[in-house]
1. Which condition does residue B:435 not pass, out of (1) outside any loop (DSSP other than H, G, I, E, B); (2) touching a residue at least 60 places away in the same chain (Cβ under 8 Å), if it passes all the others?
2. For region D:181-199, enumerate the residues that are in contact with a strand residue (DSSP E or B) (Cβ under 6 Å, 6 or more places away or on another chain) and free of Cβ contacts under 8 Å to residues at least 40 places away in the same chain.
3. Given (1) closer than 24 Å to residue B:101 by Cβ; (2) touching a strand residue (DSSP E or B) at 6+ places or on another chain (Cβ under 7 Å); (3) surrounded by fewer than 24 Cβ atoms within 10 Å (Cβ to Cβ), where does residue B:371 come up short, assuming only one miss?
4. Which of (1) more than 8 Å from every other protein chain (Cβ to nearest Cβ); (2) free of Cβ contacts under 8 Å to residues at least 12 places away in the same chain; (3) part of a helix (DSSP H, G or I) does residue D:132 not meet, given it meets every other one?
5. For region C:334-345, does any single residue satisfy the condition of being within 8 Å of another protein chain (Cβ to nearest Cβ), surrounded by fewer than 24 Cβ atoms within 10 Å (Cβ to Cβ) and closer than 30 Å to residue C:196 by Cβ?
6. Collect the residues in region D:169-181 that are at pLDDT below 80 and within 8 Å of chain B (Cβ to nearest Cβ), keeping them in residue-number order.
7. How about region C:300-324: which of its residues are in a helix (DSSP H, G or I) and either within 28 Å of residue C:56 (Cα to Cα) or within 12 Å of chain B (Cβ to nearest Cβ) (or both)?
8. Checking the structure you have, find out if any residue of region A:190-204 is within 22 Å of residue A:63 (Cβ to Cβ) and without any contact (Cβ under 8 Å) to a residue 24 or more places away in the chain.
């Protein structure tokens, strides 16, 4: 029984069968990658996991509890955090404030009004946020406006914000898309570090095979909305079915 | 320390000249002035007295407000002995001699009501609290009149209403410190009904379109009850929103009904638009039950007539006053020509009824103060209550003590078929004499209010 | 002296190191700002009456009770609106409805319960809060322009109904006023014909104390000070909200709702709470309007009234602490002072010039004052937004920056900042 | 039955005005992303083009007629329009009579000019500014424009009649086999409806069948891509603004015989036109037109006495009620696109 169990999930958009009969099991503590050519349904699957889309058929459960029908913030509160393709952070807020919000979410839940005490008087949250920033080596940027940072730093901040909630499952949607090689390597290093230092399961959707093979322990290959194979990276590398799926379209990867 | 509900700014404003002589600033408390005022709000000190003219200067009634303001300025000029004296020469009371009011030169301040009760009250409070006005006058709607009248009652100054036609102003919302010279919905109905019956017959079916607010309600009720008393039948009555601009969807059902008279209980922009739309739908040329279809507008105003253009041709309505009264109906309405002469000379066109009522109200106030020998509001109220006068353009008139409403003849007019110029759009049909429009103070259409007692303020 | 939210949360590193809270839990700049506003508000009767009575410039004096009351009351309204719009970015175009509903509730409390203003203001706040809860709960299902139009629709329906169908409850066109024969179950009956007046445990709102210094006359009005204290409390509370976790969440809503959702936080209750809080501010303003001037007309719910508070907030600087108050003061000053300047006044001002010249000046200035005050207002709106994109607050900051540059190196800067 | 047909006609007629104003508004709103509170003022300016035109062609010189007296007893001054001198009295009278339709000729260039001037001089600088700033500046502009009109024309409505040939009404019912007098409809309102239909069709044809229109539609769908393609979208936006101003202006010109224009008529229509655009859905031209007609018809039906007897006061709120219901059931209005003005 994995931490995340996807069973027989299907999703249809008008005439397009985006997902059909997807089964997936992510083991606790592993790094699991989902790869596939463009239009294979990777993003649709991810959106079904976090509550942005509701699958037409099948079930998705996290730690034995169904996530279906729950709103994104409820699913997040169950312990799933998501990193987006383009970093989604609070651009108008400072780095420190960006960091404090997930800390508050962790402690106070989806909604709590504390409109009277000053934010900066909340020792517990301030310390936790500062600690996290130090961990991520961003403490010197704490007063910066998040929108004025480089893309690599935005990504780092977004991951840090997700980690601050201490999720059991971290979903990453092409975390290195559009990044320069140096930033990509930094991100790989960061993810490796996270994997080693924290008890966390990571599920990653990625185009870049370099990233996939440097990080993951299991790989699921998705093509035309259905899982083709699921295996360890070594086996996937030479798998004929995978070659077939990629050849002709984007053998370059 | 003194307690006052409204300041006595007039004290210092005019006393400033004397105060300027003090070389070193001295701190007074209000108590120092206690003996200088005479026990009422804004008692004028020194040699001037300030009146507040609160008229709409922005919004749809801005032109009407501008005309009221012209009349006020003219009245002040005449009171101070300028110009040709206007109606001072024809007024039956002769105490005003062109030396201001009781020897004090008249000054005035102006404000913008925006035809909103909040803005009107703010503006009036500024006149009272900041400028030390002893009387406030003007306005172009009943909502504003009722709001400002109540304010003046609280503040302890006199309110001389401008154009306000709703029964409520001297009915359920009447106040001891407030006076209305303008006529009201009841009088419109009572004046129109016999003439409508004479002109259009007693066997008529009326369809009412009524503005969906207080003035509309009282006007409809007044016209309805007095026409029904003449034998008319009211087939339907539909309320239209204040903000409506296109009345086509209200006019169309009239075509479907068997009504042969349409009564438009609308004022201002509503009336201009509803009348224009009604004429567009051919109502004026329509025949129903073998009778010619007729449109009636209970309250006419020159500015609205101008806005509606040729659509008003042949349409009956009532007015408080018309500038042609004296020329056409003789010396009973003396004062009219004197006023038109001085207004026309100064501004180049004849005055509207709104201008007339504001001019007359200012004169009446000045006269009452002079006769009472005091600016004290209670003295003024006493002087105005039951005051009978003549020579102000409406013939013999009574300021009734019971409700502070003027009783005088009502003019019934009709839109001219071929107006010669834009100021001569209506013709006088008849004048309904005062006894036909007089009602008992406790008439049900006016029930529910009480004057209270006069309030002199601080 | 004034600071923008963007760097408002701006907490300097040293402050987070357990510095003890300053005035009522406010720190540094915030505390100075509060003190400054308090001083300005309490001394308003002096500050707003700089010209001696009877002088030509006395026209520009704004230190009379009605206008001073309006400054602070509309200041409250705008502060509340800013909590919603400035922080969350949700542009409500129907906030005047809450002010109106608050006013009606307040006057009914004075009609049915007591003439004391405290219960009336409380009733105003509660009723406006409940109404805003309903409107907000429905309208917040949509965002952006769709939200704006939903709030506009509710406000316009409130206005239209209050003006017409609900006349028995609202007084319709002529509004609601107090009568001596209203039931008022907590007060003794009033003598026939007397005018009911709002009071605070016997202190009537209209009570004024006048102080004459030379030719100057200063009016200290009880109602103004009660409204001013409410405004200071409202302002203080708004600073607390801006600086609180809740305020930060609201800014996060404005910044990125997607991320907020995926951080396990539901934006809707936060925006709804902000909506209700700002509705209650509007209710407080409405209640105070009634307390100061016991009359309500439906026009205060018309869409132009809602538009006015939007303009006040943007004009002053949306999202800043003090901006909305400045914007409210600016618009109310224009409305009440510039509109009263008539031709006679102008002629008085230019009387010192030779005849021909003074006529020229009067002719040039006349279209912009008196009945032309709207024109001046429109031109100033455009000028502010073109030259000061951050509103009046930014103008203040620019001035302050210029001042600082001039004095830099003299050491006066620090002294001025303390 | 007659009553229903009449109200449908009324609804279509009201709807034409709403649709025309909303069409221009949504062109600016949906394509340029600018909240234009001055759009109502453009409608009002259009109406005053008609007023100005009919005054211009009646510019007169004064002749003193000693035989008549004015109200103060002085000799009457009679005005003789110059146009009589140029074209003779008969032709001059025809031109004065047809002033409103003729003024379209003046209104089109004037309104396009005003639109272009507005965009180049003011709006251009606000594309990147927050919506709040756009609201403030366009609201300021609207106030200034209407105050200028008030200064020159006063606050009172100015009667601007239709040509004599089109005054009066037309017995529509007889054509459909109803009793005479059953369905009578004013000529000018029919003209207005046809005119609106033509303008709407012209705008759609322009956007559908010209390259310019294709680019603009592409720009509405995805502005960034179009800019990336190296197309000078700025210039096109200027033209769009001119076009939107012209549509609003024409709506105003033709509206003058229906209701006498006054300086604040723009503000009266402003709120309603925003409601129409939003109910139609942001960024959708057909949505704006559909919503315009829909709200017009619903408003017409809500004002029928039969309806009001059952639901008193429904006419006061119906438009807003419909707007709320539509927006709650269809999150982006009738035909709105995702992501336009949603933040």
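The values are calculated or read from the model by the stated rules, or taken from the named source; none is laboratory data. All figures in this text were calculated on a predicted structure; none of them were measured in a lab. Positions of Cβ are generated from backbone atoms using ideal geometry, with glycine treated the same way; all protein chains shown enter the neighbour counts.
1. (2)
2. Within region D:181-199, D:184, D:186, D:187 qualify.
3. Against the list (1) closer than 24 Å to residue B:101 by Cβ; (2) touching a strand residue (DSSP E or B) at 6+ places or on another chain (Cβ under 7 Å); (3) surrounded by fewer than 24 Cβ atoms within 10 Å (Cβ to Cβ), residue B:371 comes up short only on (2).
4. For residue D:132, the failing item is (1).
5. yes
6. Once the filter is applied, which keeps residues that are at pLDDT below 80 and within 8 Å of chain B (Cβ to nearest Cβ), region D:169-181 yields only D:181.
7. Result: C:300, C:301, C:303, C:304, C:305, C:308.
8. yes
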